[in-house]
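First comes the structure, then the notes that go with it.
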Amino acid sequence: MSQSAVSEKCDTNHVSEATLEKRFKLWMAALILAMFAGGGAILYRAIEGLAVTNLSTFVPWGGWVAFYIFFVGLSAGAFLLSTLIFVFGMEQYERVGRFALFTAFICMVVALTFVLLDLGRMDRAFNAMAYWNILSVLSWEVRFYLIYILLLLTELWFAMRIDLIKLSKDRSAGLKSKLANIIRFGSEDTSEKSAKKDHSWMKILGIIGIPIAIIGVHGGTGTLFAAVGAQPYWNTPLFPVIFVVSALVSGTALLIAMYVIQRKVRGKSVDLQMIKSLALLMIFFLIIDLGLEFYEFLVAGLTMKPDKMAVLDVMFTSSMSWSFWGVQLFLGAVIPIYIVFSKRFNQSVKALTVAAILVVIGIIGVRFNIVVPTQVVQSMYGLPEGSYFPNWVEWLSSIGVVAMGLFLYSIGAKLLPLETQEGDVEDYE
Amino acid sequence: MATKYDVLINNGLASGSDILKSSKYDTNLGLNMAEDARRLSDGLITEEEFVNKYQESVSKEFNQKLEYQAAVGNDNTGVKWGMVIDLRKCVGCETCTVSCKAENRTPPGVTYNQVFIEEEGTFPNVSRTNIPRPCMHCDRPPCASVCPVRATYKAENGIVVQDSDRCIGCRYCMVACPYGARSFDFGENYDEMLGFEDMQSPEHGMDRGEREDGKSPIGTVRKCNFCFHRLERGEEPACVETCIGDARYFGDLNDPESTVSKLASSSRAFRLKEEYGTEPRVYYLR
């Protein structure tokens, strides 16, 4: 058992059940409100079509696509972090293992909802499954996403199995117990031997999942962009790699934030050692990410290909450059790196959580900068320069979809045994 | 309003049976054949059925043999369409753009053809080139290779087809087209134009009826199809036919004797963005 697991024994500042219940209800009410507002915008978009967005023939992909790749990245990142635990046996992160898998699942649901919103003909979404174009990366992605979602759910089920059986026998747990009884799918065995079996299953699924998540899901999403010859900014072999690395950055950051916030809200103590180590991991990924992007820009700049330079020009100097300098670099990289390396801040859970949240916001900037600037530059000389910023319909519906994700997550976190029980943290090797 | 015009037209129309009665041939046979010919053109019966039904009576009545002659005289099998645009002849009047819009009844924001103006040099050494751009109908179309549902594909006759009944509207093809030749139909209409929604162009020979919300092609990606419906009638695409300077040539690039083949192999010929490897079927003469 790791040191950090021992260090945390009991709840330091206990919060009463009633306050917890009140907090949960307030939170859910806020989410439902956001879902209603977003739902209105989605309804408006469904009736009026894509004309109510700021999308145009010149900039056909916008905020929804950026959010889609952002959430696919979060999912892949969270899943890969979970493999550190379940495959590579880094039990110091054990506490976030199931949260990582569940977060990965919810993020995929959110990502696919964004794709659905973005389709010109939402009613034909199923065509994407019915027809297959072997040359189209997008066609492969649709299938990879589904396989990946199934894999996540299976692995999560194995991770929770014994706790589900225990819960289903616990009559005092009410709804939680009933749900556990249904989704244990008749599994009864809680023996030591079956637990070992679960772990080896999780390891196998994790091992299968690594190439699916890296090459299939997120590297694939990067390839979806990189394979487009008409967009010189995307069309580099480094692009899918950057996608995967930035997925690791955002996935790790999100898990830190989610873990800390959940523990704090419930008035439970936070494992500082683990947070510090995760924050270092996050910064490590972030620095690799920055390095890759540095070379991406450097090589593009030194080659001086006019079409590439035009995109960089839009990113670095146009009216939307605040997204690159302000969000992606300053908020998303400079401040978090400073916080994690400064002696003054890196002992504080709060500061590290702020760093993690800033990194997540920074990656949203990264995703927007991937999708939008290259489309502003038109493929043909003579076409009018595009311009794009999401309008209220896109923002409000995005808020609604994210609220839906948080809503599902909160319900799941309340009803499912996602939290690792004390003493459960053990060697996975 | 429609009924008023219907009445006017019906009054002006002569009755078929009256006309046929004045000829020496069988009136009923004429009326029946006309009726079935209409069904044939609607695709309700095949040409073979038509021929079998009337062969005997036609040879008796007219002393002529009725033969099955599908597509004779308009045989487009083995044809690979292509276009050549002479940039020295193009004056940049945009007639092609306008006639394309009229022919294909494209809504606001959707244009299959555009003319780009390129000005080079500084005064007094300046040159101006007008580059009309329809869809290039590439032999290796990037739009078709990225489409997740194969709604856009390369047809045997060289045309890059857009199946708006299958398209899901993901717009990946628009991002992937190096020529900006694709547009998304956001469902807008020309409100200032009376009856704009009343009919649509029969793209790919398909009658789509009225333009209605939620019905294809609204919400899908649209593109030039070399006026396929006109080709099937033996006509040239609208942009070729209306070009005031006769700058556009259209024909079969498979036939080495055709005008387009000869022009495309001239030393003046070039294609746009050849470095992308898309192999466009639209050639330009510099």
**Report entry** Residue in region A:370-377 that is touching a Pro at 6+ places or on another chain (Cβ under 6 Å) and either closer than 30 Å to A:V270 by Cβ or in contact (Cβ under 8 Å) with a residue 24 or more places away in the chain (or both) present
**Finding:** no
Report summary line: Condition set closer than 18 Å to B:E103 by Cα and touching a Phe, Trp or Tyr at 6+ places or on another chain (Cβ under 7 Å), scope region B:166-202, selection nearest to the other protein chains (Cβ to nearest Cβ): answer is B:N189
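Matching residues to (1) among the β-branched types (V, I, T); (2) open to solvent by less than 70 Å² (accessible area, probe 1.4 Å); (3) at pLDDT 85 or above; (4) out of contact with any His (no Cβ under 6 Å at 6 or more places or on another chain):
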site: B:Y5; (1), (2), (3), (4): no, no, no, yes
site: B:I9; (1), (2), (3), (4): yes, no, no, yes
site: B:G12; (1), (2), (3), (4): no, yes, no, yes
site: B:G16; (1), (2), (3), (4): no, yes, no, yes
site: B:Y25; (1), (2), (3), (4): no, no, yes, yes
site: B:L29; (1), (2), (3), (4): no, yes, yes, yes
site: B:D42; (1), (2), (3), (4): no, no, no, yes
site: B:E47; (1), (2), (3), (4): no, yes, no, yes
Query raised in the report: Given the structure, is A:F114 under 14 Å from the mean Cα position of the chain (by Cα), open to solvent by less than 30 Å² (accessible area, probe 1.4 Å) and within 27 Å of A:P390 (Cβ to Cβ)?
Result: yes
Report summary line: Restricting attention to region B:102-130, the residues that are at the interface with another protein chain (Cβ under 9 Å from one of its Cβ atoms) and either at pLDDT 95 or above or under 29 Å from B:M193 (Cα atoms) (or both) number exactly 7
Report summary line: By residue number, the members of region B:117-131 that are over 37 Å from the mean Cα position of the chain (by Cα) and among the polar types (S, T, N, Q) are B:T122, B:N125
Report task. Please state which of the following conditions A:E17 fails to meet, knowing it meets all the rest: (1) surrounded by fewer than 15 Cβ atoms within 10 Å (Cβ to Cβ); (2) more than 30 Å from B:M174 (Cα to Cα); (3) in contact with a helix residue (DSSP H, G or I) (Cβ under 9 Å, 6 or more places away or on another chain). Result -> (3)
Query - Residue satisfying condition, being farther than 30 Å from A:A125 by Cβ and either of a type in the set (F, W, Y) or assigned by TED's automatic domain parsing to the domain that holds B:R248 (or both), within set B:V126, B:V110 - result: B:V126
Report summary line: Checked A:I134, A:I47, A:I147 against criteria (assigned to a helix (DSSP H, G or I), over 22 Å from B:V110 (Cα atoms) and not hydroxyl-bearing (S, T, Y)); the one match is A:I147
Report task. Scan (1) open to solvent by 60 Å² or more (accessible area, probe 1.4 Å); (2) more than 30 Å from B:L194 (Cα to Cα) for the single condition B:V51 breaks and write down its number. Result -> (1)
Query - The listed residue being within 28 Å of A:R45 (Cα to Cα) and of a type in the set (K, R), out of B:R211, B:R140 - result: B:R211
Query raised in the report: Checking B:P202 against (1) touching a residue at least 12 places away in the same chain (Cβ under 8 Å); (2) surrounded by 14 or more Cβ atoms within 10 Å (Cβ to Cβ); (3) farther than 25 Å from B:R150 by Cβ, which test does it fail?
Result: (3)
**Report entry** Of residues in region B:152-165 being within 12 Å of chain A (Cβ to nearest Cβ) and surrounded by 19 or more Cβ atoms within 10 Å (Cβ to Cβ), the one farthest from A:A125 (Cα to Cα)
**Finding:** B:T152
Requested in this report: Could you tell me whether A:M90 is surrounded by fewer than 20 Cβ atoms within 10 Å (Cβ to Cβ) and within 14 Å of another protein chain (Cβ to nearest Cβ)?
Outcome: no
Report task. Would you mind finding the one in B:G169, B:G180, B:G187, B:G234 that is in a loop (DSSP other than H, G, I, E, B), out of contact with any Cys (no Cβ under 8 Å at 6 or more places or on another chain) and open to solvent by 30 Å² or more (accessible area, probe 1.4 Å)? Result -> B:G234
Query - Condition check for A:A76: under 30 Å from A:K268 (Cα atoms), open to solvent by less than 50 Å² (accessible area, probe 1.4 Å) and of a type outside the set (D, E, K, R) - result: yes
**Report entry** Of residues in region B:244-280 being buried (at least 19 other Cβ atoms within 10 Å of the Cβ) and of a type in the set (D, E, K, R), the one nearest to B:L231 (Cα to Cα)
**Finding:** B:D252
Report summary line: Flagged in region A:123-153 as of a type in the set (A, V, I, L, M), more than 8 Å from every other protein chain (Cβ to nearest Cβ) and closer than 22 Å to A:W61 by Cα, in numbering order, are A:M129
Query - Considering residues of region A:263-299 that are part of a helix (DSSP H, G or I) and among the basic types (K, R) only, the residue most open to solvent (accessible area, probe 1.4 Å) - result: A:K264
Report task. Assess whether B:T111 counts as being in contact with a strand residue (DSSP E or B) (Cβ under 8 Å, 6 or more places away or on another chain) and assigned to a helix (DSSP H, G or I). Result -> no
Report summary line: Selection over region B:211-228 where residues are out of contact with any strand residue (DSSP E or B) (no Cβ under 7 Å at 6 or more places or on another chain), on the phi > 0 side of the Ramachandran plot and modelled with pLDDT of 85 or more yields a count of 2
Report summary line: Among (1) among the small types (G, A, S); (2) modelled with pLDDT under 90; (3) under 23 Å from A:G332 (Cα atoms), A:A76 falls short only on (2)
Query raised in the report: within 14 Å of another protein chain (Cβ to nearest Cβ), within 25 Å of B:C173 (Cα to Cα), open to solvent by 30 Å² or more (accessible area, probe 1.4 Å) and of a type outside the set (D, E, K, R): does that describe B:Y283?
Result: no
Report task. State whether the residues of region B:221-244 include one that is among the hydroxyl-bearing types (S, T, Y), more than 17 Å from B:M136 (Cα to Cα) and touching a Leu at 6+ places or on another chain (Cβ under 8 Å). Result -> no
**Report entry** Verdict on A:V110 being in contact (Cβ under 8 Å) with a residue 60 or more places away in the chain and within 22 Å of A:Y409 (Cα to Cα)
**Finding:** yes
Report summary line: Requiring at least 1 residues that are more than 14 Å from every other protein chain (Cβ to nearest Cβ) and open to solvent by less than 60 Å² (accessible area, probe 1.4 Å), the helices (runs of 4 or more DSSP H) wholly within region A:329-429 are A:335-341, A:349-371, A:392-415
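The values are calculated or read from the model by the stated rules, or taken from the named source; none is laboratory data. Since this is a predicted model, take the numbers as computed values, not measurements. All Cβ positions, glycine included, derive from the backbone under ideal geometry; neighbour counts span all protein chains shown. Note: areas computed on protein heavy atoms with side chains; ligands, DNA, RNA excluded. Shrake-Rupley method; radii C 1.70, N 1.55, O 1.52, S 1.80 Å.
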